[in-house]
Amino acid sequence: MMKWLTYDLETTFLRKGFKRKDTLIIEIALHGKNKKESFQRLVNPLKKYSTGLEIIQSLNETGQSPDKSIHFWVKLLSQKKMMNTSVKRKSVADKAELLAKLLNTSDEFITTEKALTEAIDWGKDHKWIAHNGTSFDSKIVKGQAKRFDISTPIDFSDSLPFFRHYMKDEPSYSQPILYKSMFKGKYMAHHALEDAKALHKMLLKCGDNIIDMFEQLPKTPKKKKYVKIDSDLIDIKGVGPKSVQVFRTKDIHSKEDLKKFIITYPISDWLEQFKGVHAYKKLGDKLYSGELIL
């Protein structure tokens, strides 16, 4: 039977215009191998970091938001007691300078490539579960692994639809709020290992056969592919893509074609042929009465 684990990332913040896969990892953690073991690494994802200016430039060059990323990174490290909490009140430039000093002197940080390689080896042959993982964590892991040409033979899963299915009518499915609802307490959220441990505890509370429970989840329907409608019929109030398709089956591709039909044929023909059009009776009345001018 396949085993499972929970995982979590702490990351930088992207600028607008960049995709989730471009997000940089600053901490990665896995928990649950044999239900007790954990894996955790702090990551330095930057190519240049000798000075605060180099940190800001490195974040900019990779599409990150330097202000937001540095603020969060410093907050994370100060909560881990690796930086003085007073640093949080300093300017972005000063924060970056102190961050550079820490990255250059501490052995706690490893490269993204090394962190991912070790994590994937540690968690092999397990289902990887993260909260909102489909939209966030798994995209980042895959994106950064591709960047370093690292294979990712991982079965990624998302606990968000799991809890929405097995714990209906919760006021919020944010992990920290849901945890508080389940256990009447808090944990140190937004630290990768603590988030992974909390999620593991939350899943176990739902049952022991987690793999089976995931497999029994209703399949999420695929989003319908958006089809661009190349017709001015879509401009008619109440006429959507489905109605346009009905019109096309009757060889009506434009407002001009529709106008010709109205002039040529009586309303009885309209009522007979266009039952698939949204609110076809009401639309027919407006067209034939002249209330709607094409």
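The values are calculated or read from the model by the stated rules, or taken from the named source; none is laboratory data. Just so it is clear, the structure is predicted and the values come from calculations on it, not from any experiment. Using ideal geometry, Cβ is built from the backbone for each residue, glycine included, and neighbour counts are taken over all protein chains shown. Heavy atoms of the whole protein, side chains included, go into the accessibility calculation; ligands, DNA and RNA do not. Shrake-Rupley method; radii C 1.70, N 1.55, O 1.52, S 1.80 Å.
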* Structure fact -> When region 129-148 is checked residue by residue, the ones that are among the polar types (S, T, N, Q) and part of a loop (DSSP other than H, G, I, E, B) are 132, 134, 135
* Asked: Applying the selection to region 282-294, what residues are assigned to a helix (DSSP H, G or I) and exposed (fewer than 13 other Cβ atoms within 10 Å of the Cβ)?
  -> 282, 289
* Can you find even one residue in region 222-234 that is in contact with a helix residue (DSSP H, G or I) (Cβ under 8 Å, 6 or more places away or on another chain), open to solvent by less than 40 Å² (accessible area, probe 1.4 Å), in a helix (DSSP H, G or I) and under 30 Å from residue 282 (Cα atoms)? -> yes
* **Among (1) surrounded by fewer than 20 Cβ atoms within 10 Å (Cβ to Cβ); (2) on the phi < 0 side of the Ramachandran plot; (3) in contact with a Leu (Cβ under 9 Å, 6 or more places away or on another chain), the one test that residue 132 misses** => (2)
* **Filter result (among the hydroxyl-bearing types (Ser, Thr, Tyr) and touching a residue at least 12 places away in the same chain (Cβ under 8 Å)) within region 161-207** => 166, 173, 179
* Could you figure out which of (1) part of a helix (DSSP H, G or I); (2) touching a residue at least 24 places away in the same chain (Cβ under 8 Å); (3) in contact with a helix residue (DSSP H, G or I) (Cβ under 6 Å, 6 or more places away or on another chain) isn't true of residue 270? => (2)
* Asked: Quick one: in region 248-258, which of the residues that are open to solvent by 90 Å² or more (accessible area, probe 1.4 Å) and of a type outside the set (Val, Ile, Thr) is nearest to residue 236 (Cα to Cα)?
  -> 256
* Structure fact -> Only unsatisfied item for residue 29, checking (1) part of a strand (DSSP E or B); (2) surrounded by fewer than 18 Cβ atoms within 10 Å (Cβ to Cβ); (3) not β-branched (Val, Ile, Thr), is (2)
* **Only listed residue being in contact with a Leu (Cβ under 8 Å, 6 or more places away or on another chain) and either under 19 Å from residue 8 (Cβ atoms) or loosely packed, with under 14 Cβ neighbours inside 10 Å (or both), chosen from 192, 198** => 192
* Can you name the residue in region 160-175 that is farther than 19 Å from residue 20 by Cα and part of a helix (DSSP H, G or I) and is also farthest from the chain's Cα centre (by Cα) among such residues? -> 166
